Amino acid sequence: MVPFSKRSFRFHDLNILRLALIGVAIVLAALHAHATRFKISPDGVSYLDMGAAFIRGDWALAVNGYWGPMYAWLLGILVGFTHAEGLAQFEIAHFLNFLIYLLDVFLFDRFWCGIVAALPNSPAYSRTRAAVLYIGYVIFMFLFVVILEDVTPDLLLTAVVLAVGQCLWRFATTLRGRWMALAGALFGLGYLVKAIMLPVGLAVFFVAGVVFVIQRQSLKPVLAGLAIQILVSSPLVIVLSHRAGHFSTGDTGRLSYAWLASGPLPDLLVTPGKIISSEPIIYQVETRPHVTYWAWFDPGAASENVRATLNFKQQLHVLFESLKIYRDEMLFANGPLLMAIIVLLSLRTKLIRLLPYAPLFALVFAALGAYAMILVQDRYISPFACVMWGALLGIALAGLGENEIKFSNRLLIVAAVFLTLRTLPTFASYALNIARTPRTTTTVVADASIEHVHVTRALQANGMIPGDKVALIGNPFLHYWAKLGNVSISAYIPPKEFGEFCHSGLGPSEKVIELIRSTGAQWVISSVDGSSCPTNWWRPIPGTFYRFHKI
């Protein structure tokens, strides 16, 4: 038998490694999805409400200018098919995330195998292929398994970005225009997931047009791709423009820029509604059937007067903070990989035309640049970072000669070791989380769901039924109990108004109670310190900070 160190990886060796990595990626994801299956966020509540509206055929609520409809509709279909209610809705949402993650695994495998294929099909390059394959899957697992815990469309957008990345890579390596047309359809679908894909797609096609002109090629593929993107995007643009009364592609960019880059972050991102009392301040919140908290369900409608304005000082501050995050992610966290790519590029003995890759890098840097102007979060940039690392590795490897292959093998192995050391604690935590995962829905992991389950059950035991309206004192976004009980928030009292609400320890006046009743609220629920109210006015919910009063 030939010693392992003396032989090269054969094709079936590489395929076994690939299948093993796919298996690890799926197992880690399944463990993490199961451990966090009850976790939810304010965004997740809005997506679940939109999905429910889609299943009911309520198109006025199934589409709005802030949340992309595609993920919400998929949620609605799956929740409707399983007839999930209460806490089971959260589990179904995480199951959908896992299904989308499986699609991401498939698309990533296709994309990364295309990167590996940049190497010559020779036994001398077998170990390099294995190292690149391993590095790719480590990056993929580290970036995307964690997103399974968020009920957001980021994994669905990842599928779109990986598919677009593959199309643009194929265009760069084959110069066949049909890949641009397919990219256009994907950009259109991506806009239905997240609004950022519309301007990113336009930027990619602009760069592609410049590339085609420089190469003296026909612009037909670029124009076809652009036309397809516009065609797929236009139904949503038409609906949003009709509602706004002017051309509109959505409210996400306007509100995000106004909140984060136009000035200091406001105390309340969205004004809850009109003020119906000044002492204490009480907001009347608009309500819709089966909508938990209208102000966050449709922030665009609730913030029509908010305008994005350029604040040069604040914009520089946001950009500086974003660049620090990119520095930490690109230079520090993935420093060994970046250095390996730089060294590989310096070793190239074959010239490679970089111009065809310009649309691919336009995809990455248009998105990273847009996020840098407003807000950078790992789950936002992970799909684009994955495509970037793949493209850089592919370009570096395509220029290697056989004289450099031994050094490149060692270099990539060192990078793989450093990546493993960096990611191993995270991967181990996914495996160990299963030990503290609840076996029944009567005990929920400590991710804030346990408190909200207790609140919902206590309120239902005291007569709250689906469709009721409630007044809230506390954080208006942490309303998971309201979603679990299928009730709507119709009045909001800021926590700082609690003392005034309690009328210096005497309890709310009858006038205040009547104003709250006028919003349709039948309950007052508080999550703040209730010591300034008479002890017999509130009913505390054991094991939580919540208390309630039925009016």
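The values are calculated or read from the model by the stated rules, or taken from the named source; none is laboratory data. It should be emphasised that the depicted structure is a prediction, and the values quoted were computed from it without experimental measurement. Backbone-built Cβ (ideal geometry, glycine too); neighbour counts: all protein chains shown.
Summary table below
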{"read-out": "Hey, V444 at pLDDT below 90 and over 30 Å from P356 (Cβ atoms) or not", "value": "yes"}
{"read-out": "1 or more residues farther than 25 Å from L148 by Cα, hydroxyl-bearing (S, T, Y) and not assigned by TED's automatic domain parsing to the domain that holds G485: qualifying helices (runs of 4 or more DSSP H) within the range 288-404", "value": "335-347"}
{"read-out": "The range 188-221: number of residues that are buried (at least 16 other Cβ atoms within 10 Å of the Cβ) and more than 29 Å from the chain's Cα centre (by Cα)", "value": "4"}
{"read-out": "Unique residue being buried (at least 21 other Cβ atoms within 10 Å of the Cβ), out of contact with any Lys or Arg (no Cβ under 7 Å at 6 or more places or on another chain) and touching a residue at least 12 places away in the same chain (Cβ under 8 Å) when the list is G86, G80, G68, G76", "value": "G76"}
{"read-out": "Looking only at the range 512-551, and only at residues there that are closer than 23 Å to D468 by Cα and without any contact (Cβ under 8 Å) to a residue 12 or more places away in the chain, the one that is surrounded by the fewest Cβ atoms within 10 Å (Cβ to Cβ)", "value": "E514"}
{"read-out": "Single unsatisfied condition, A185 versus (1) over 17 Å from L223 (Cα atoms); (2) surrounded by fewer than 21 Cβ atoms within 10 Å (Cβ to Cβ)", "value": "(1)"}
{"read-out": "Yes/no for F54 being out of contact with any Gly (no Cβ under 8 Å at 6 or more places or on another chain) and not β-branched (V, I, T)", "value": "no"}
